[in-house]
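In what follows, a single structure is set out as structure tokens and then discussed.
The values are calculated or read from the model by the stated rules, or taken from the named source; none is laboratory data. Everything quoted here is computed from the prediction, not taken from an experiment. With ideal geometry, Cβ positions are generated from the backbone for all residues, glycine too; neighbour counts draw on all protein chains shown. Ligands, DNA and RNA are stripped out before the accessible areas are found, and what is left, the full protein with its side chains, is counted by its heavy atoms. Shrake-Rupley method; radii C 1.70, N 1.55, O 1.52, S 1.80 Å.
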Amino acid sequence: MFPKNMRCPTCDLRKPARSKHCAVCNRCVHRFDHHCVWVNNCIGAWNARYFLTYLLTLTASAATMAIVSIVFLVRLVLLSDLYLETYVDDLGHFQVIDTFFLIQYLFLTFPRIVFMVGFVLVLSFLLGGYLCFALYLAATNQTTNEWYRGDRAWCQHCPHVARPPSAEPQVYRNIHSHGLWSNLREIFLPAAVHCERKKK
């Protein structure tokens with residue numbers, strides 16, 4: 001848990017493994033993941049499960065808002081029979097409303113709702129992608145800090161990484177991964193894992 005002679009240079013405390021001093025919070029954080037500006041706090045060993053739950057609820061809320069708004073617009077189109085309407089084109093011919101014209105009409109009639117649908121769709125995909133990345137890190141028992149440092153340190157294709165020309169390419173190996181279920185249990189039940197390790 002505590003590597004020999006490892007002290008935090010800022011606060012001069014013994015430094016546990018996987019900890020880091022946060023420059024924003026000005027304290028050492030056990031199993032430091034990152035400093036989150038959304039919650040104005042560091043994400044570490046004791047609150048990672050709450051952060052994942054927070055990400056899940058944000059993603060679900062944005063996706064639900066997008067679905068409800070799309071259903072509202074579709075029902076509006078179906079109830080008002082807008083898809084059956086026609087318009088006169090530049091040549092004077094009657095044309096059936098196509099999808100592009102329908103979206104343009106909806107945007108001109110309900111600009112806030114259509115803009116909100118576009119915004120929450122993009123937000124849903126971004127949050128969903130970040131949630132998948134955070135779940136990947138949880139499943140492999142890595143922190144964002146370790147992932148960033150690990151991949152950068154052993155990247156074979158990055159020209160900015162200083163490495164002797166004759167050095168063998170090295171592969172990053174995560175020494176903290178103990179299998180999917182153990183990794184998830186360490187994040188979602190950290191006290192239970194801590195008690196088990198104390199018994200051993």
Where does each of 92-98, 73-79, 124-130 land if you order them by average Cβ count within 10 Å, highest first? 124-130, 73-79, 92-98
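Which order, highest average first, do 47-53, 106-112 follow once you tally other Cβ atoms within 10 Å for each residue and take the mean per peptide? Please report the intermediate quantities before stating the final value.
Details: 47-53: 16.6, 106-112: 12.3.
Output ranking for 47-53, 106-112: 47-53, 106-112.
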In terms of the alpha carbon gyration tensor, root eigenvalues a ≥ b ≥ c, rounded if a/c is under 1.5 and otherwise prolate when a/b exceeds b/c or oblate, the range 1-148 is prolate
Accessible heavy-atom area order of ARG27, ARG185, highest first, probe of 1.4 Å: ARG27, ARG185
